[in-house]
Amino acid sequence: MAVAIQVEGLSKSYRIGELQAAYGTLRESLSHAAKRFTGQEHSARQEVIWALKDVSFSLEEGKALGVIGRNGAGKSTLLKVLTRITTPTRGRAEIRGRVGSLLEVGTGFHPELTGRENIFLNGAILGMKRKEIVAKLPDIAEFSGVEKFLDTPVKRYSSGMHVRLAFAVAAHFEPEIMLVDEVLSVGDAEFQARCLGRMEDIHTAGRTVVFVSHQLQAVAQLCDRAILLDDGQVVRDGPSEDVVAGYLQTVTGTSSSQTWDDEESAPGDDLVRLHSVRVTGADGETAETFDVREPVGIELAFSVLRDGPPILPKLKVVSGGMIAFNTMDVAARWREPSPPGEYVATAWIPANFLNEGLVTVDAAVCSIDSPKLHHHVSVHEAVSFHIHDPLEGDSARGTFTGQWRGAVRPLLDWTVEEG
Amino acid sequence: MIKPASRWPHLDIAELWHYRELLQTLVWRDVVVRYKQTFLGVAWAILVPVFTAVVYIIVFGKFANFPAGEVSYPVLVIGGVLPMQYFASSLAGSSLSLAGNLQLVTKVYFPRALLPLASVIVPMVDLFVGLPVLIALMWIYETWPGGIEVLMAPVFLGLALVTALGAGFFLSALNVRYRDVRYMIPVFLQVMPLLSGVMYAVEEIPVKWQWILSFNPMTAVIAGLRWAALDANPPNLERTAVGVGVALVLFFGGLAVFRSSEPRFADTI
């Protein structure tokens, strides 16, 4: 398959001095230059920071690549280099095809211009030809839902209308290679869903997408592959679910067990105190990774301090950034108030149920206070573990070794009739 | 292909051509926005030069008796005010064009030269709207072009454009780092009419001073336009050549500065 983006040893440095002097006056620069000339100041004082260090990767045509990492890891710099907004200090990148970038929807919108005028302006800025915009104008207007206000200056639009119009233009822009940065950070849930849907469309239509985002779930869902940047370097490159999972574990700093020795400071309230949360195999031993074909136990140890309402142990299981499910022990023993004492409750997640990748678990002990759940204890990301598939052909993916999406991956019984 | 910035700045004509639609759009945007929400709209393009010319005619023509040469003074003045107005708008617009389009510079790629370029095209519209004033005065004072030399008028306007664009390239690049430019320009534009012969005929002043003024390309522009369109004496060839030379040095020098700092615009703006 043809390579759409080839990046080799890309590096970008900024001089910190340069950043600071960005808004400096001429006088300051002249006086610095004079001091340097007379030897009162050493030019070596300017510190160099590398926003990108020797970044290399290649992306095949029609694939979607996610770029994740902490703030300041170099994600946006990488995108700015790929879109040619800024030039690299070293290295090279080759891009084959017409590049379009969505670094921010509505770039260049002018408040004095009408909606229609801004469609033309924004379209031209994104790189659309005039003919193309004229042809797509009815679609764009309809998609935006602000048809009635097309001849009103954009400054009189509500912020929602503004964003919808801007996104409508961007959504009808069809480059061969699409570079997207955090468009999803603006707008409401419906808007974000539409953005994602549109990007999925672009991807399924066979276009190449590079998607920079903090929204790990979106990256895991949308992208075939992801790279994790840290301190300007590629530290992981692989299937997006794996990279997201690895990143989540380092970010959350979670492991497969957590214990609180001091009851006073342990999580909980005057009714319940949590002692430990563990991830165990069928043998009862704590483990970090599990074969997809074996069951996983999540064990909560807690004490009940006094007589109170009936309580229920509860777990929220998150896989690949998506909530896989919530579960509570609803057995009869929890229908009556539990006498004070020590309890150890273990939930068994069946074999062949969770998908591969990192799974994090929120642990809680609740009581039902209809219509709400009252959380006596709630620990976000209490434990985490990895699910892997040795690919021996007897899991839900059969002999398929490619990407398999979803939070869960049950092995179901299929009935087949042959006729 | 993305590589570190090349050492030798040049203007990529093929790329500019590729982005011609964006240039058109930017020009169109600036023209439209200029007159939106103004009560008098395009009439300003006539009112501003007329008002300026009236003040000049009264102060310099009546009180100070500035030399007009053979052309009647009001025609002489409006013939200088219009190109000077064009130059002033072009220079101010192009110098502030990069910083004024900060959002575009940091969010999308296009050849940055489009911004100063659009800024010297936009004031052309004002110039054409103002032309009827000149023609009306020409008609009143019966001052018509002498002949075929009228075809040279666009060439001298082109010289004004090249001068403004060259200075605009240089100043807009400078303005990315040093916002001092914003304060320098008004001062500079205040003395420009005095140094370009807007309110007097330059051939009427001592030759020594004519030589000094010849280093200002706008002197050549205005003298040339008066010759081409108002039947004034032909401008001195050597001094015009000096003006053209300065304009070309300014253009290529400004372009070199612009292109060599272009890779860092998005980082430093």
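The values are calculated or read from the model by the stated rules, or taken from the named source; none is laboratory data. Predicted, not measured: the structure shown is a model, and the values here were computed from it. Positions of Cβ are generated from backbone atoms using ideal geometry, with glycine treated the same way; all protein chains shown enter the neighbour counts. Ligands, DNA and RNA are stripped out before the accessible areas are found, and what is left, the full protein with its side chains, is counted by its heavy atoms. Shrake-Rupley method; radii C 1.70, N 1.55, O 1.52, S 1.80 Å.
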Residue A:397 fails exactly one of the following numbered conditions: (1) touching a Phe, Trp or Tyr at 6+ places or on another chain (Cβ under 7 Å); (2) without any contact (Cβ under 8 Å) to a residue 24 or more places away in the chain; (3) exposed (fewer than 14 other Cβ atoms within 10 Å of the Cβ). What is the number of that condition?
-> (3)
Mind checking which pairs have a first residue in the range B:96-116 that is in contact (Cβ under 8 Å) with a residue 40 or more places away in the chain and a second that is among the charged types (D, E, K, R), Cβ under 6 Å, 6 or more apart or different chains?
-> B:111/B:15; B:112/B:262
Evaluation of residue A:301 against (1) open to solvent by less than 60 Å² (accessible area, probe 1.4 Å); (2) touching a residue at least 24 places away in the same chain (Cβ under 8 Å); (3) under 31 Å from the mean Cα position of the chain (by Cα); (4) farther than 20 Å from residue A:220 by Cα (one fails), failing number = (3)
Test: residue A:141 is touching a Leu at 6+ places or on another chain (Cβ under 9 Å) and free of Cβ contacts under 8 Å to residues at least 12 places away in the same chain = no
For the range A:57-147, which strands (runs of 3 or more DSSP E) that fit wholly inside it have 2 or more residues that are more than 7 Å from every other protein chain (Cβ to nearest Cβ) and at pLDDT 90 or above?
-> A:64-68
Does residue B:158 meet the test of being open to solvent by less than 10 Å² (accessible area, probe 1.4 Å) and not hydroxyl-bearing (Ser, Thr, Tyr)?
-> no
Any residue in the range B:183-196 that's closer than 13 Å to residue B:87 by Cα: show its pairings with residues that are open to solvent by 40 Å² or more (accessible area, probe 1.4 Å) and outside any helix (DSSP H, G or I) at Cβ separation under 8 Å, as long as the two are six or more apart or on different chains.
-> B:185/B:96
Can you name the condition, by its number, that residue B:215 falls short on among (1) touching a residue at least 60 places away in the same chain (Cβ under 8 Å); (2) assigned to a loop (DSSP other than H, G, I, E, B); (3) closer than 27 Å to residue B:78 by Cα?
-> (1)
Out of all the residues in the range B:224-232, is one or more open to solvent by 20 Å² or more (accessible area, probe 1.4 Å) and either closer than 21 Å to residue B:117 by Cβ or in a loop (DSSP other than H, G, I, E, B) (or both)?
-> yes
Can you tell me which residues in the range B:36-55 are open to solvent by 40 Å² or more (accessible area, probe 1.4 Å) and modelled with pLDDT of 85 or more?
-> B:46, B:47, B:48, B:50, B:51, B:54, B:55
Checked the range A:59-77 for anything open to solvent by 60 Å² or more (accessible area, probe 1.4 Å) and either free of Cβ contacts under 8 Å to residues at least 40 places away in the same chain or over 16 Å from residue A:241 (Cβ atoms) (or both); matches are A:60, A:61, A:70, A:71, A:72
